[in-house]
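**Student:** The structure is given below, and queries will be raised subsequently.
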Ligand SMILES: Cc1cc2nc3c(=O)[nH]c(=O)nc-3n(C[C@H](O)[C@H](O)[C@H](O)COP(=O)(O)OP(=O)(O)OC[C@H]3O[C@@H](n4cnc5c(N)ncnc54)[C@H](O)[C@@H]3O)c2cc1C
(Lines give C-alpha, C1' and ligand atoms only; values in the text may rest on other atoms or scores of the structure.)
Protein backbone atom coordinates (compact mmCIF):
# COMPACT_ATOMS: atom_id res chain seq x y z
CA UNK A 1 0.00 0.00 0.00
CA UNK A 2 1.15 3.55 -0.67
CA UNK A 3 1.11 6.41 1.84
CA UNK A 4 -1.54 9.08 1.57
CA UNK A 5 -1.21 12.44 3.30
CA UNK A 6 -4.39 13.78 4.91
CA UNK A 7 -3.36 17.14 6.32
CA UNK A 8 -0.18 16.20 8.19
CA UNK A 9 -1.29 12.59 8.84
CA UNK A 10 0.05 9.72 6.75
CA UNK A 11 -2.33 6.84 6.04
CA UNK A 12 -2.03 3.85 3.69
CA UNK A 13 -3.41 4.26 0.18
CA UNK A 14 -4.77 1.10 -1.41
CA UNK A 15 -3.30 1.45 -4.90
CA UNK A 16 0.44 1.67 -4.19
CA UNK A 17 0.51 5.31 -5.21
CA UNK A 18 1.00 8.26 -2.91
CA UNK A 19 0.02 11.87 -3.54
CA UNK A 20 2.68 14.48 -4.08
CA UNK A 21 3.39 17.04 -1.38
CA UNK A 22 1.53 20.27 -2.07
CA UNK A 23 2.90 23.57 -0.75
CA UNK A 24 0.98 26.84 -0.63
CA UNK A 25 2.43 30.24 -1.50
CA UNK A 26 2.43 32.49 1.56
CA UNK A 27 4.52 35.41 0.25
CA UNK A 28 6.21 36.66 -2.91
CA UNK A 29 9.08 39.16 -2.92
CA UNK A 30 11.56 40.56 -5.44
CA UNK A 31 15.16 39.63 -4.64
CA UNK A 32 16.48 41.50 -7.70
CA UNK A 33 14.76 42.79 -10.86
CA UNK A 34 15.04 39.31 -12.44
CA UNK A 35 14.65 37.05 -9.40
CA UNK A 36 11.36 36.43 -7.59
CA UNK A 37 11.35 34.69 -4.22
CA UNK A 38 8.32 32.53 -3.55
CA UNK A 39 7.81 31.51 0.08
CA UNK A 40 5.88 28.27 0.44
CA UNK A 41 4.14 27.07 3.57
CA UNK A 42 3.94 23.42 4.54
CA UNK A 43 3.92 21.11 7.59
CA UNK A 44 7.37 20.61 9.20
CA UNK A 45 7.94 17.13 7.73
CA UNK A 46 7.18 18.37 4.21
CA UNK A 47 9.56 21.31 4.70
CA UNK A 48 12.31 18.95 5.87
CA UNK A 49 11.85 16.78 2.78
CA UNK A 50 11.55 19.70 0.34
CA UNK A 51 15.13 20.14 -0.76
CA UNK A 52 17.81 21.06 -1.29
CA UNK A 53 16.98 20.40 -4.96
CA UNK A 54 13.36 19.91 -5.87
CA UNK A 55 11.42 18.42 -8.75
CA UNK A 56 8.65 21.00 -8.65
CA UNK A 57 5.25 20.40 -10.17
CA UNK A 58 4.13 23.69 -11.64
CA UNK A 59 0.44 24.19 -12.46
CA UNK A 60 -0.91 26.56 -15.08
CA UNK A 61 -1.09 30.16 -13.88
CA UNK A 62 -4.07 30.61 -11.57
CA UNK A 63 -4.93 26.88 -11.30
CA UNK A 64 -5.19 26.13 -7.57
CA UNK A 65 -6.69 22.64 -8.00
CA UNK A 66 -4.61 21.00 -10.73
CA UNK A 67 -4.68 17.30 -11.55
CA UNK A 68 -1.42 16.33 -9.80
CA UNK A 69 0.51 13.19 -10.71
CA UNK A 70 1.06 10.53 -8.04
CA UNK A 71 4.23 8.79 -6.90
CA UNK A 72 4.66 5.03 -7.21
CA UNK A 73 6.43 2.98 -4.55
CA UNK A 74 9.63 2.90 -6.64
CA UNK A 75 9.59 6.70 -6.97
CA UNK A 76 8.19 6.78 -10.52
CA UNK A 77 5.89 9.70 -11.28
CA UNK A 78 2.51 8.50 -12.53
CA UNK A 79 0.85 11.25 -14.55
CA UNK A 80 -2.92 11.49 -14.89
CA UNK A 81 -4.43 10.54 -18.25
CA UNK A 82 -5.07 13.39 -20.67
CA UNK A 83 -4.25 17.05 -20.30
CA UNK A 84 -3.41 18.11 -16.77
CA UNK A 85 -1.53 21.39 -17.21
CA UNK A 86 1.22 20.48 -14.72
CA UNK A 87 4.89 20.85 -15.76
CA UNK A 88 7.84 19.45 -13.86
CA UNK A 89 10.93 21.64 -13.45
CA UNK A 90 13.90 21.42 -11.11
CA UNK A 91 14.62 24.19 -8.59
CA UNK A 92 16.56 24.75 -5.39
CA UNK A 93 15.17 25.44 -1.96
CA UNK A 94 17.13 28.58 -1.03
CA UNK A 95 15.91 28.23 2.56
CA UNK A 96 14.13 25.46 4.44
CA UNK A 97 12.85 26.51 7.85
CA UNK A 98 11.23 23.57 9.59
CA UNK A 99 10.23 25.58 12.66
CA UNK A 100 8.50 28.27 10.62
CA UNK A 101 7.05 25.71 8.18
CA UNK A 102 8.53 27.62 5.23
CA UNK A 103 10.52 26.95 2.07
CA UNK A 104 11.92 29.74 -0.16
CA UNK A 105 12.43 29.13 -3.87
CA UNK A 106 14.08 31.85 -5.98
CA UNK A 107 12.84 31.84 -9.59
CA UNK A 108 14.77 33.57 -12.37
CA UNK A 109 12.22 35.40 -14.56
CA UNK A 110 13.70 34.57 -17.94
CA UNK A 111 10.81 34.24 -20.34
CA UNK A 112 7.66 32.30 -21.07
CA UNK A 113 8.47 28.76 -19.88
CA UNK A 114 5.84 27.29 -17.53
CA UNK A 115 7.90 27.79 -14.36
CA UNK A 116 9.08 31.34 -15.07
CA UNK A 117 5.55 32.31 -16.13
CA UNK A 118 4.05 30.77 -13.00
CA UNK A 119 6.58 32.56 -10.77
CA UNK A 120 5.98 35.93 -12.45
CA UNK A 121 2.29 35.63 -11.63
CA UNK A 122 2.56 33.82 -8.27
CA UNK A 123 0.41 35.12 -5.42
CA UNK A 124 -0.44 33.96 -1.89
CA UNK A 125 -2.82 31.00 -2.04
CA UNK A 126 -1.29 29.53 -5.23
CA UNK A 127 0.00 25.96 -4.97
CA UNK A 128 3.09 24.04 -6.11
CA UNK A 129 3.71 20.30 -5.92
CA UNK A 130 6.95 18.53 -5.03
CA UNK A 131 7.54 15.21 -6.78
CA UNK A 132 10.96 14.48 -5.25
CA UNK A 133 14.07 16.00 -3.70
CA UNK A 134 17.78 15.39 -4.17
CA UNK A 135 21.13 16.58 -2.77
CA UNK A 136 23.09 19.47 -4.29
CA UNK A 137 26.02 17.24 -5.23
CA UNK A 138 28.58 19.26 -3.27
CA UNK A 139 31.23 17.84 -0.96
CA UNK A 140 33.33 19.45 1.78
CA UNK A 141 36.87 20.46 0.83
CA UNK A 142 39.56 22.86 1.97
CA UNK A 143 39.52 24.64 -1.40
CA UNK A 144 36.23 25.29 -3.22
CA UNK A 145 35.57 26.40 -6.78
CA UNK A 146 31.90 27.37 -7.22
CA UNK A 147 30.71 28.38 -10.68
CA UNK A 148 27.21 29.35 -11.78
CA UNK A 149 24.72 31.80 -13.21
CA UNK A 150 21.56 33.27 -11.62
CA UNK A 151 19.85 29.88 -11.52
CA UNK A 152 22.70 28.51 -9.39
CA UNK A 153 22.79 31.34 -6.83
CA UNK A 154 20.41 29.56 -4.41
CA UNK A 155 22.62 26.46 -4.45
CA UNK A 156 25.87 28.44 -4.26
CA UNK A 157 24.39 30.37 -1.33
CA UNK A 158 23.65 27.14 0.50
CA UNK A 159 27.08 25.67 -0.25
CA UNK A 160 28.86 28.82 0.95
CA UNK A 161 26.60 28.93 4.00
CA UNK A 162 27.59 25.44 5.06
CA UNK A 163 31.29 25.64 4.10
CA UNK A 164 33.88 25.31 6.87
CA UNK A 165 34.97 28.67 8.31
CA UNK A 166 38.53 27.95 7.19
CA UNK A 167 37.63 27.02 3.60
CA UNK A 168 39.43 28.84 0.80
CA UNK A 169 38.59 29.24 -2.86
CA UNK A 170 36.54 31.32 -5.27
CA UNK A 171 32.90 31.59 -6.34
CA UNK A 172 32.41 32.84 -9.90
CA UNK A 173 28.85 34.03 -10.46
CA UNK A 174 27.52 35.32 -13.78
CA UNK A 175 24.60 37.76 -13.72
CA UNK A 176 23.15 40.36 -16.09
CA UNK A 177 24.66 43.32 -14.24
CA UNK A 178 25.30 44.87 -10.79
CA UNK A 179 21.55 45.08 -10.11
CA UNK A 180 21.41 41.26 -10.12
CA UNK A 181 24.08 40.74 -7.47
CA UNK A 182 22.81 39.23 -4.22
CA UNK A 183 24.31 39.06 -0.73
CA UNK A 184 26.31 35.81 -0.55
CA UNK A 185 27.93 35.44 2.88
CA UNK A 186 31.06 33.32 2.50
CA UNK A 187 34.03 32.17 4.59
CA UNK A 188 36.73 34.86 4.68
CA UNK A 189 39.00 32.76 2.46
CA UNK A 190 36.46 32.33 -0.34
CA UNK A 191 36.29 35.23 -2.77
CA UNK A 192 32.88 35.87 -4.38
CA UNK A 193 33.50 37.33 -7.85
CA UNK A 194 30.57 38.70 -9.88
CA UNK A 195 30.75 38.57 -13.68
CA UNK A 196 28.43 40.87 -15.64
CA UNK A 197 26.97 39.92 -19.03
CA UNK A 198 26.55 43.63 -19.79
CA UNK A 199 23.82 43.23 -22.41
CA UNK A 200 24.73 39.78 -23.74
CA UNK A 201 22.01 37.10 -23.69
CA UNK A 202 22.12 34.55 -20.85
CA UNK A 203 23.99 31.41 -21.83
CA UNK A 204 25.38 32.97 -24.99
CA UNK A 205 28.85 34.09 -23.90
CA UNK A 206 31.97 32.57 -22.39
CA UNK A 207 32.26 34.64 -19.18
CA UNK A 208 32.24 31.66 -16.83
CA UNK A 209 34.41 29.49 -19.07
CA UNK A 210 37.00 32.28 -19.39
CA UNK A 211 36.90 33.04 -15.66
CA UNK A 212 37.55 29.41 -14.75
CA UNK A 213 40.33 29.25 -17.37
CA UNK A 214 41.99 32.21 -15.61
CA UNK A 215 42.02 30.49 -12.20
CA UNK A 216 45.24 28.76 -11.26
CA UNK A 217 44.30 25.37 -9.77
CA UNK A 218 45.48 25.12 -6.15
CA UNK A 219 48.16 22.65 -5.15
CA UNK A 220 47.06 19.46 -3.41
CA UNK A 221 44.01 17.28 -3.72
CA UNK A 222 41.70 18.83 -1.09
CA UNK A 223 39.72 20.55 -3.83
CA UNK A 224 36.07 20.39 -4.85
CA UNK A 225 34.47 22.16 -7.81
CA UNK A 226 30.70 22.68 -8.14
CA UNK A 227 29.35 24.02 -11.43
CA UNK A 228 25.79 24.74 -12.60
CA UNK A 229 24.68 27.01 -15.45
CA UNK A 230 23.57 26.73 -19.08
CA UNK A 231 24.45 23.27 -20.40
CA UNK A 232 27.04 24.20 -23.05
CA UNK A 233 28.86 26.41 -20.54
CA UNK A 234 28.92 23.57 -18.03
CA UNK A 235 30.31 21.13 -20.60
CA UNK A 236 33.17 23.53 -21.40
CA UNK A 237 33.98 24.18 -17.73
CA UNK A 238 33.81 20.45 -16.95
CA UNK A 239 36.36 19.73 -19.69
CA UNK A 240 38.75 22.27 -18.14
CA UNK A 241 38.27 20.79 -14.67
CA UNK A 242 39.02 17.28 -15.90
CA UNK A 243 41.90 18.15 -18.20
CA UNK A 244 43.83 21.14 -16.82
CA UNK A 245 42.69 20.90 -13.20
CA UNK A 246 42.97 17.08 -13.22
CA UNK A 247 39.91 16.70 -10.98
CA UNK A 248 38.66 13.16 -10.53
CA UNK A 249 34.97 12.16 -10.53
CA UNK A 250 34.55 12.63 -6.77
CA UNK A 251 36.17 16.06 -6.85
CA UNK A 252 33.65 17.85 -9.02
CA UNK A 253 29.95 18.11 -9.75
CA UNK A 254 29.02 19.89 -12.97
CA UNK A 255 25.42 19.90 -14.16
CA UNK A 256 23.52 21.84 -16.82
CA UNK A 257 20.70 23.70 -15.08
CA UNK A 258 19.04 24.81 -18.33
CA UNK A 259 19.48 24.56 -22.09
CA UNK A 260 19.58 27.61 -24.34
CA UNK A 261 16.64 27.56 -26.76
CA UNK A 262 15.14 24.36 -25.32
CA UNK A 263 12.52 23.72 -22.68
CA UNK A 264 13.43 21.30 -19.94
CA UNK A 265 11.45 18.05 -20.08
CA UNK A 266 8.35 17.31 -18.05
CA UNK A 267 5.69 19.46 -19.66
CA UNK A 268 2.10 18.23 -19.74
C1 LIG B 1 18.96 20.82 -10.03
C2 LIG B 1 18.49 22.14 -10.62
C3 LIG B 1 18.24 23.22 -9.78
C4 LIG B 1 17.78 24.44 -10.31
N5 LIG B 1 17.54 25.48 -9.46
C6 LIG B 1 17.04 26.65 -9.94
C7 LIG B 1 16.69 27.73 -9.07
O8 LIG B 1 16.79 27.63 -7.84
N9 LIG B 1 16.21 28.88 -9.64
C10 LIG B 1 16.04 29.01 -11.00
O11 LIG B 1 15.58 30.07 -11.47
N12 LIG B 1 16.34 27.99 -11.84
C13 LIG B 1 16.81 26.83 -11.35
N14 LIG B 1 17.11 25.79 -12.20
C15 LIG B 1 16.94 26.02 -13.64
C16 LIG B 1 15.49 25.84 -14.12
O17 LIG B 1 15.06 24.52 -13.85
C18 LIG B 1 15.44 26.11 -15.65
O19 LIG B 1 15.75 27.44 -15.91
C20 LIG B 1 14.11 25.74 -16.28
O21 LIG B 1 14.31 25.63 -17.67
C22 LIG B 1 13.02 26.77 -16.02
O23 LIG B 1 11.81 26.25 -16.53
P24 LIG B 1 10.79 27.11 -17.38
O25 LIG B 1 9.52 26.32 -17.40
O26 LIG B 1 10.73 28.51 -16.87
O27 LIG B 1 11.44 27.18 -18.83
P28 LIG B 1 11.54 26.00 -19.93
O29 LIG B 1 10.16 25.62 -20.40
O30 LIG B 1 12.40 24.90 -19.40
O31 LIG B 1 12.31 26.74 -21.09
C32 LIG B 1 11.65 27.75 -21.89
C33 LIG B 1 12.71 28.61 -22.56
O34 LIG B 1 13.38 29.36 -21.55
C35 LIG B 1 14.79 29.25 -21.72
N36 LIG B 1 15.42 29.32 -20.37
C37 LIG B 1 15.31 28.44 -19.35
N38 LIG B 1 16.00 28.87 -18.28
C39 LIG B 1 16.57 30.06 -18.64
C40 LIG B 1 17.38 31.00 -17.97
N41 LIG B 1 17.77 30.85 -16.70
N42 LIG B 1 17.76 32.12 -18.64
C43 LIG B 1 17.37 32.32 -19.92
N44 LIG B 1 16.59 31.47 -20.62
C45 LIG B 1 16.19 30.35 -19.97
C46 LIG B 1 14.99 27.88 -22.38
O47 LIG B 1 16.21 27.86 -23.10
C48 LIG B 1 13.78 27.81 -23.30
O49 LIG B 1 14.05 28.45 -24.52
C50 LIG B 1 17.58 24.58 -11.71
C51 LIG B 1 17.82 23.48 -12.55
C52 LIG B 1 18.29 22.27 -12.01
C53 LIG B 1 18.55 21.11 -12.95
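**Student:** Quick check on residue 57: is it at pLDDT 95 or above, buried (at least 16 other Cβ atoms within 10 Å of the Cβ) and more than 29 Å from residue 177 (Cα to Cα)? Talk me through it step by step, then tell me what you get.
**Tutor:** On the way: at pLDDT 95 or above: yes; buried (at least 16 other Cβ atoms within 10 Å of the Cβ): yes; more than 29 Å from residue 177 (Cα to Cα): yes.
Yes.
**Student:** Next up: From the list 65, 87, which residue is farther than 19 Å from residue 154 by Cβ and under 18 Å from the mean Cα position of the chain (by Cα)? Show your work before the answer.
**Tutor:** Values: 65 fails: under 18 Å from the mean Cα position of the chain (by Cα).
The conditions single out 87.
**Student:** So if I check each of 159, 153, which one is within 9 Å of the ligand (Cβ to nearest atom) and at pLDDT 95 or above?
**Tutor:** Details: 159 fails: within 9 Å of the ligand (Cβ to nearest atom).
After ruling out the rest, the residue left standing is 153.
**Student:** Continuing with this model, one more query. Return the total of residues in region 33-48 being closer than 25 Å to residue 78 by Cα and surrounded by fewer than 17 Cβ atoms within 10 Å (Cβ to Cβ).
**Tutor:** Filtering region 33-48 down to residues closer than 25 Å to residue 78 by Cα leaves 40-43, 45-48.
Right, trim to surrounded by fewer than 17 Cβ atoms within 10 Å (Cβ to Cβ) and you get 41, 43, 45, 48.
Of the residues in that region, 4 qualify.
**Student:** The conditions are (1) more than 18 Å from residue 180 (Cα to Cα); (2) not assigned by TED's automatic domain parsing to the domain that holds residue 240, and residue 165 fails exactly one of them. Which is it?
**Tutor:** Residue 165 satisfies every listed condition except (2).
**Student:** Let me ask something else about it. Looking at region 103-114, is at least one residue more than 12 Å from the ligand (Cβ to nearest atom), under 22 Å from residue 42 (Cα atoms) and either outside the structural domain of residue 60 (by TED's automatic domain parsing) or in contact with a strand residue (DSSP E or B) (Cβ under 9 Å, 6 or more places away or on another chain) (or both)? So that I can check it myself, show each step before the final result.
**Tutor:** Taking region 103-114 first, the residues more than 12 Å from the ligand (Cβ to nearest atom) are none.
No - not one qualifying residue is present in region 103-114.
**Student:** Kindly indicate the residue of region 228-253 that is part of a strand (DSSP E or B) and either within 12 Å of the ligand (Cβ to nearest atom) or at pLDDT below 95 (or both) and also farthest from residue 107 (Cα to Cα) among those meeting that condition.
**Tutor:** Of the residues in region 228-253, the ones part of a strand (DSSP E or B) are 228-230, 252-253.
Next, from what is left, pick out any that are either within 12 Å of the ligand (Cβ to nearest atom) or at pLDDT below 95 (or both): 228-230, 253.
Details: 228: 15, 229: 14, 230: 15, 253: 22 Å.
So the residue we want is 253.
**Student:** Is it fair to say residue 51 is assigned to a loop (DSSP other than H, G, I, E, B) and within 14 Å of the ligand (Cβ to nearest atom)?
**Tutor:** Details: assigned to a loop (DSSP other than H, G, I, E, B): yes; within 14 Å of the ligand (Cβ to nearest atom): yes.
Here the answer is yes, as residue 51 does meet what is asked.
**Student:** What's the number of the only condition in (1) modelled with pLDDT of 95 or more; (2) within 16 Å of the ligand (Cβ to nearest atom) that residue 99 fails to meet?
**Tutor:** Unmet for residue 99, out of (1) modelled with pLDDT of 95 or more; (2) within 16 Å of the ligand (Cβ to nearest atom): (2).
**Student:** Now for a separate question. Being within 21 Å of residue 139 (Cα to Cα), at pLDDT 95 or above and assigned to a helix (DSSP H, G or I) is the requirement here; does residue 212 meet it?
**Tutor:** Taking the combined requirement at face value, the residue satisfies it.
The values are calculated or read from the model by the stated rules, or taken from the named source; none is laboratory data. Computed from a predicted structure; not experimentally measured. All Cβ positions, glycine included, derive from the backbone under ideal geometry; neighbour counts span all protein chains shown.
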